[in-house]
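*Asks:* Submitted below is the structure of interest, expressed as structure tokens.
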Amino acid sequence: MSRRKLVVGNWKMNGMRAHLAEIEAIDRIADAHPAVEVGLCLPATLVMAASDKQGGAFIGGQDCHMNANGAHTGCLSAQMLVEAGATWVIVGHSERRQDQGETDAHIAAKALAARAAGLKVILCVGESLDVRDAGNAEAVVSAQLLASLPDGAAADWLAIAYEPIWAIGTGRIPTMEAVAMMHSALRAALAGRIGAEADKMRILYGGSMNGDNATELMAIADVDGGLVGGASLTAAKFEPVIAAAG
Ligand code: PEP
């Protein structure tokens, strides 16, 4: 099964209007690699300005609330992101699972809310270092994936990002064998839930992906792209990651 590679930058809490020129430079790189689907999940304050541009990378948010509106100070609904011009959203990033206490059930509900509003979704899962060292990372992350997976999950609106927590922002990555084993375990878990649709669903790797390791990571059979933090903040660093995907 050939799946179009998906490479998405997660800018986290980085980026001001002064960085719009950097976003435009990333757009030009995306245009130069039409075989790859490229996106940038930006701070909400930049989504509207960045999504006004033509073509290039799609623009996404980094989280949405599970409700459409209401008394949720500081939160954004999926509909608000759509109105601002986002077409994708990340749910379940480990920084939100940790910092905001988000559970698998919250994440499944957020994914469904995003879908209902017309957003595509990147659903993040990943293990802590303790879990990795205990030797049961595949079982734990597969269970986390199945618990976070929304009803009706399908490849045309949902992608998975496997992000070992201990690899995010640290410069450390698992061995290529460990990544291959995890992605294959996650695809098998998906197949048990959604059948043949699992073959079409993209499973991204995230965690210190950069221009030095992207080619090797992208060559792994079940790695269908990347969710990229630090190395997506400038066009110069992001370009080799996008190029590695095709
Ligand atoms: C991320 O936050 O999703 C991420 C993968 O970050 P980094 O690439 O900086 O490790």
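*Asks:* Condition (residue is touching a strand residue (DSSP E or B) at 6+ places or on another chain (Cβ under 9 Å) and hydroxyl-bearing (Ser, Thr, Tyr)) applied to segment 216-232: is it met by at least one residue? Spell out how you get there, then give the answer.
*Replies:* Taking segment 216-232 first, the residues touching a strand residue (DSSP E or B) at 6+ places or on another chain (Cβ under 9 Å) are 217-218, 220, 222-229, 231-232.
Filter once more, keeping what is hydroxyl-bearing (Ser, Thr, Tyr): 232.
Checked segment 216-232: at least one residue is touching a strand residue (DSSP E or B) at 6+ places or on another chain (Cβ under 9 Å) and hydroxyl-bearing (Ser, Thr, Tyr).
*Asks:* Report the residue count in segment 186-204 for those that are closer than 21 Å to VAL91 by Cβ and out of contact with any Gly (no Cβ under 7 Å at 6 or more places or on another chain).
*Replies:* In the first step, residues of segment 186-204 are kept if they are closer than 21 Å to VAL91 by Cβ; the result is 186-187, 189-190, 193-194, 197-198, 200-204.
Among the residues that remain, those that are also out of contact with any Gly (no Cβ under 7 Å at 6 or more places or on another chain) are: 186-187, 189-190, 193-194, 197-198, 200-201, 203.
The total comes to 11.
*Asks:* Within the group VAL7, VAL82, which residue is of a type in the set (A, V, I, L, M, F, W, C) and within 17 Å of the chain's Cα centre (by Cα)? Talk me through it step by step, then tell me what you get.
*Replies:* Numbers: VAL82 fails: within 17 Å of the chain's Cα centre (by Cα).
Answer to the check: VAL7.
*Asks:* Taking segment 81-96, which residues are surrounded by 18 or more Cβ atoms within 10 Å (Cβ to Cβ) and either acidic (Asp, Glu) or in contact with a Cys (Cβ under 8 Å, 6 or more places away or on another chain) (or both)?
*Replies:* Passing the criteria: LEU81, TRP88, VAL89, ILE90, VAL91, GLY92, HIS93, SER94, GLU95.
*Asks:* Checking the condition surrounded by fewer than 21 Cβ atoms within 10 Å (Cβ to Cβ), away from the ligand (no atom under 12 Å from the Cβ) and not in a loop (DSSP other than H, G, I, E, B), which residue from GLY152, GLY192 passes?
*Replies:* Details: GLY152 fails: not in a loop (DSSP other than H, G, I, E, B).
After ruling out the rest, the residue left standing is GLY192.
*Asks:* Next up: Given the residues VAL121, VAL125, which is the only one that is under 21 Å from LEU42 (Cβ atoms), touching a Leu at 6+ places or on another chain (Cβ under 8 Å) and of a type in the set (Val, Ile, Thr)? If you could, list the steps in order and put the result at the bottom.
*Replies:* On the way: VAL125 fails: under 21 Å from LEU42 (Cβ atoms).
Selected residue: VAL121, the only one of VAL121, VAL125 that is under 21 Å from LEU42 (Cβ atoms), touching a Leu at 6+ places or on another chain (Cβ under 8 Å) and of a type in the set (Val, Ile, Thr).
*Asks:* Related question: Residues that are over 22 Å from HIS93 (Cα atoms), within 14 Å of the ligand (Cβ to nearest atom) and either free of Cβ contacts under 8 Å to residues at least 40 places away in the same chain or part of a helix (DSSP H, G or I) (or both): does segment 223-235 have at least one?
*Replies:* If we filter segment 223-235 for residues that are over 22 Å from HIS93 (Cα atoms), which is where we start, we get 235.
From what's left, within 14 Å of the ligand (Cβ to nearest atom): none.
Looking for residues that are over 22 Å from HIS93 (Cα atoms), within 14 Å of the ligand (Cβ to nearest atom) and either free of Cβ contacts under 8 Å to residues at least 40 places away in the same chain or part of a helix (DSSP H, G or I) (or both), one finds none in segment 223-235, hence no.
*Asks:* Quick check on my filter: what residues within segment 127-144 are within 24 Å of ASP156 (Cβ to Cβ) and out of contact with any strand residue (DSSP E or B) (no Cβ under 6 Å at 6 or more places or on another chain)?
*Replies:* So the first thing to find is which residues in segment 127-144 are within 24 Å of ASP156 (Cβ to Cβ), and the list is 141-142, 144.
SER142, the sole residue that qualifies.
*Asks:* Something else about it: Would you pick out the residues in segment 195-211 that are surrounded by fewer than 20 Cβ atoms within 10 Å (Cβ to Cβ) and either modelled with pLDDT under 95 or outside any helix (DSSP H, G or I) (or both)?
*Replies:* LYS200, ARG202, GLY211
*Asks:* On the basis of being over 30 Å from ALA84 (Cα atoms), within 15 Å of the ligand (Cβ to nearest atom), of a type in the set (Gly, Ala, Ser) and surrounded by 20 or more Cβ atoms within 10 Å (Cβ to Cβ), does ALA214 make the cut? Lay out the reasoning, then the answer.
*Replies:* Working: over 30 Å from ALA84 (Cα atoms): yes; within 15 Å of the ligand (Cβ to nearest atom): yes; of a type in the set (Gly, Ala, Ser): yes; surrounded by 20 or more Cβ atoms within 10 Å (Cβ to Cβ): yes.
For ALA214, the condition - over 30 Å from ALA84 (Cα atoms), within 15 Å of the ligand (Cβ to nearest atom), of a type in the set (Gly, Ala, Ser) and surrounded by 20 or more Cβ atoms within 10 Å (Cβ to Cβ) - is met.
*Asks:* Related question: Looking only at segment 10-27, count every residue that is in a helix (DSSP H, G or I), of a type in the set (D, E, K, R) and either buried (at least 16 other Cβ atoms within 10 Å of the Cβ) or more than 21 Å from the chain's Cα centre (by Cα) (or both) and tell me the total. Write out each step before concluding.
*Replies:* Pass one, segment 10-27, residues in a helix (DSSP H, G or I): 17-27.
With of a type in the set (D, E, K, R) added as a condition, the list becomes 17, 22, 24, 27.
Filter once more, keeping what is either buried (at least 16 other Cβ atoms within 10 Å of the Cβ) or more than 21 Å from the chain's Cα centre (by Cα) (or both): 17, 22, 27.
So the answer is 3.
Yes/no matrix, rows are residues, columns are (1) touching a residue at least 60 places away in the same chain (Cβ under 8 Å); (2) surrounded by 15 or more Cβ atoms within 10 Å (Cβ to Cβ); (3) over 17 Å from THR234 (Cα atoms):
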position	(1), (2), (3)
ALA49	no, yes, yes
GLY56	no, yes, no
GLY70	no, no, yes
GLN79	no, yes, yes
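*Asks:* Can you find, within segment 28-52, the residue that is farthest from the chain's Cα centre (by Cα) among those that are part of a loop (DSSP other than H, G, I, E, B), hydrophobic (A, V, I, L, M, F, W, C) and over 22 Å from GLU95 (Cβ atoms)? Full working, then the answer.
*Replies:* Within segment 28-52, the first condition is being part of a loop (DSSP other than H, G, I, E, B), and the residues that meet it are 33-36, 42-43, 52.
In the following step, the residues that additionally are hydrophobic (A, V, I, L, M, F, W, C) were identified as 35-36, 42.
Imposing the further condition that a residue be over 22 Å from GLU95 (Cβ atoms) reduces the set to 35-36.
On the way: ALA35: 18, VAL36: 15 Å.
The qualifying residue farthest from the chain's Cα centre (by Cα) is ALA35.
*Asks:* Give segment 157-189 a look and list any residue that's assigned to a loop (DSSP other than H, G, I, E, B) and either touching a strand residue (DSSP E or B) at 6+ places or on another chain (Cβ under 9 Å) or within 15 Å of the ligand (Cβ to nearest atom) (or both), or say none. I'd like the intermediate steps shown before the answer.
*Replies:* As a first pass, look at segment 157-189 and keep what is assigned to a loop (DSSP other than H, G, I, E, B): 157, 163-164, 168-175.
Once the filter is applied, which keeps residues that are assigned to a loop (DSSP other than H, G, I, E, B) and either touching a strand residue (DSSP E or B) at 6+ places or on another chain (Cβ under 9 Å) or within 15 Å of the ligand (Cβ to nearest atom) (or both), segment 157-189 yields TRP157, GLU163, PRO164, ILE168, GLY169, THR170, GLY171, ARG172, ILE173, PRO174.
The values are calculated or read from the model by the stated rules, or taken from the named source; none is laboratory data. Being a predicted model, the structure only gives us computed values, none of them experimental. Every residue, glycine as well, gets a Cβ built from its backbone with ideal geometry; the counts of neighbours run over all protein chains shown.
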